[in-house]
Amino acid sequence: MASVSLINIEKRYGAQVVIPKLNVEIADGSFVVLVGPSGCGKTTTLNMIAGLEPITAGQLLIGARDVTDLPPKNRDIAMVFQSYALFPHMNVFDNIAFGMKIRRLSRSEIDTRVRNVASRLRIDAFLDRRPKALSGGQRQRVALARAMVRRPGVFLMDEPLSNLDAKLRIEARSFLTKMHHEVRTTTVYVTHDQSEAMTMGDTIVVMKDGLIQQAAAPLEVYNEPANMFVAGFIGSPAMNFLELSKADTKLVDREHELEFPVSDRLRAVLDKYRKAKVVLGLRPDALRPAPRNAEPAGAPRFSVDVAQHLGHETLLDASRGPHRLVARVSGTDDSKIGETRAFLLDLDNMHLFDPDSGANLASGGTGPNAR
Ligand SMILES: Nc1ncnc2c1ncn2[C@@H]1O[C@H](COP(=O)(O)OP(=O)(O)O)[C@@H](O)[C@H]1O
Ligand SMILES: [Mg+2]
């Protein structure tokens, strides 16, 4: 096993800068997820770690070794891709054994390793089948077995679950997490799916335009997003943003008769803030309709535009003037479309952002690379 250090890594394609400067420290045995929208540079980063793309500038260490200019085969890594890229004419056993045969391991060693990994991954019953006789989930496990059997220092995975249907994806997610708890091989996992990142990573690195927006444990990223980009990207449905004016200890939009109190903690933050406009961030779970016969005076009122009934919960799309929001409420909520309702707020679940930089005001500073 090994740690991975990306030190001032830069990637250019001709004049196009894809990764301006990346610094990431991946601890030995950890599961780090690179997450961000399509085109933000995740695959490029992973391919540079793998040695499949040259590094324009900077230094890459795996363990204590500088591997910046080493070919992939000398980096002690194994990669799993989105397309499993299995050999169609070989059975499962030979697909898994392929790399070891190339490296001329003994027949008995190969046999032991293949059967061991196959039973762990629950594909030992299919060793003599060709890939076309397997389901997507089984093929995905064969690709994983082929990587694991090499016992690399580092696993690199690029959207390995995105070809699976939704149900299999969730199964495979917990399966991979369980495997990692067992073998503890350092893993760098790339996905555009924030729920995969949240559920699988020890650390998640949120990227946008080749820049790291935040790198922290999943719940820290969720509860203390560094900026509006992270706040809007992590969490589903996304955080609501309302641009309001600061009025003493409250946030208001007088024209549309909206007023929001803030918690003591945020009041202290707001006191130090000098601009007139501020963005209030509210997760969909931070607001719910007040009972119709007990609407508190001054509670913000929104009109319900759409009610999406999901059974155990309902998503209300609501608006007032230019402001739109989504509230995640109980499945028994009976709000009618077109009805105006007063909303109760969870004051501890509010965030404040600078409308210009996007930085989270509570985390201080200007926010890394905020928009
Ligand atoms: N071979 C290439 N030549 C030029 N630009 C590239 C090449 N490969 C990727 N890019 C660009 O680099 C950026 C990051 O791509 P990529 O790493 O594939 O993103 P992601 O995996 O996050 O979706 C994109 O803007 C993409 O167009
Ligand atoms: Mg990609």
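Looking at (1) surrounded by 20 or more Cβ atoms within 10 Å (Cβ to Cβ); (2) not in a strand (DSSP E or B), find the lone condition where Lys275 falls short.
Going through (1) surrounded by 20 or more Cβ atoms within 10 Å (Cβ to Cβ); (2) not in a strand (DSSP E or B) one by one, Lys275 breaks only (1).
Results for (1) in contact with a Ser or Thr (Cβ under 6 Å, 6 or more places away or on another chain); (2) among the hydroxyl-bearing types (Ser, Thr, Tyr); (3) farther than 19 Å from Met157 by Cα; (4) buried (at least 21 other Cβ atoms within 10 Å of the Cβ), shown as yes or no for each residue.
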| site | (1), (2), (3), (4) |
| --- | --- |
| Val4 | no, no, no, yes |
| Lys42 | no, no, no, yes |
| Pro54 | no, no, no, no |
| Pro71 | no, no, no, no |
| His89 | no, no, yes, no |
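Looking at Leu46, Leu34, Leu52, can you tell me which residue is assigned to a strand (DSSP E or B) and either basic (Lys, Arg) or within 16 Å of ligand 1 (Cβ to nearest atom) (or both)?
Numbers: Leu46 fails: assigned to a strand (DSSP E or B); Leu52 fails: assigned to a strand (DSSP E or B).
Going through Leu46, Leu34, Leu52 in turn, just one is assigned to a strand (DSSP E or B) and either basic (Lys, Arg) or within 16 Å of ligand 1 (Cβ to nearest atom) (or both): Leu34.
Would you point out the residue of the range 159-214, among those that are among the hydroxyl-bearing types (Ser, Thr, Tyr) and more than 17 Å from the chain's Cα centre (by Cα), that is nearest to Ile19 (Cα to Cα)?
The selected residue is Thr186.
Restricting the search to the range 1-22, which residues are among the aliphatic types (A, V, I, L, M) and either more than 10 Å from ligand 1 (Cβ to nearest atom) or over 22 Å from the mean Cα position of the chain (by Cα) (or both)?
Of all residues in the range 1-22, those among the aliphatic types (A, V, I, L, M) come to 1-2, 4, 6-7, 9, 15, 17-19, 22.
Across the range 1-22, the qualifying residues are Met1, Ala2, Val4, Leu6, Ile7, Ile9, Ala15, Val17, Leu22.
Results for (1) within 26 Å of Tyr222 (Cα to Cα); (2) in contact with a helix residue (DSSP H, G or I) (Cβ under 7 Å, 6 or more places away or on another chain); (3) in contact (Cβ under 8 Å) with a residue 24 or more places away in the chain, shown as yes or no for each residue.
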site: Arg283; (1), (2), (3): yes, yes, yes
site: Arg288; (1), (2), (3): yes, no, yes
site: Asp317; (1), (2), (3): yes, no, no
site: Leu345; (1), (2), (3): yes, yes, yes
site: Met350; (1), (2), (3): yes, yes, yes
site: Asp354; (1), (2), (3): yes, yes, yes
site: Gly358; (1), (2), (3): yes, yes, yes
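Every residue in the range 147-158 that is over 18 Å from the mean Cα position of the chain (by Cα) and either under 19 Å from Val4 (Cβ atoms) or touching a residue at least 60 places away in the same chain (Cβ under 8 Å) (or both), please.
Of everything in the range 147-158, those that are over 18 Å from the mean Cα position of the chain (by Cα) and either under 19 Å from Val4 (Cβ atoms) or touching a residue at least 60 places away in the same chain (Cβ under 8 Å) (or both) turn out to be Ala147, Met148, Arg150, Arg151, Pro152, Gly153, Val154.
Within the range 285-356, considering only strands (runs of 3 or more DSSP E) that don't extend past its boundaries, which have at least 3 residues that are under 13 Å from Leu242 (Cα atoms) and in the same structural domain as Ser263 (by TED's automatic domain parsing)?
Result: 313-320, 323-330, 350-353.
The values are calculated or read from the model by the stated rules, or taken from the named source; none is laboratory data. None of these values were measured; they are calculated from a predicted model. So basically every Cβ, Gly included, is an ideal-geometry build from the backbone, and we count neighbours across all protein chains shown.
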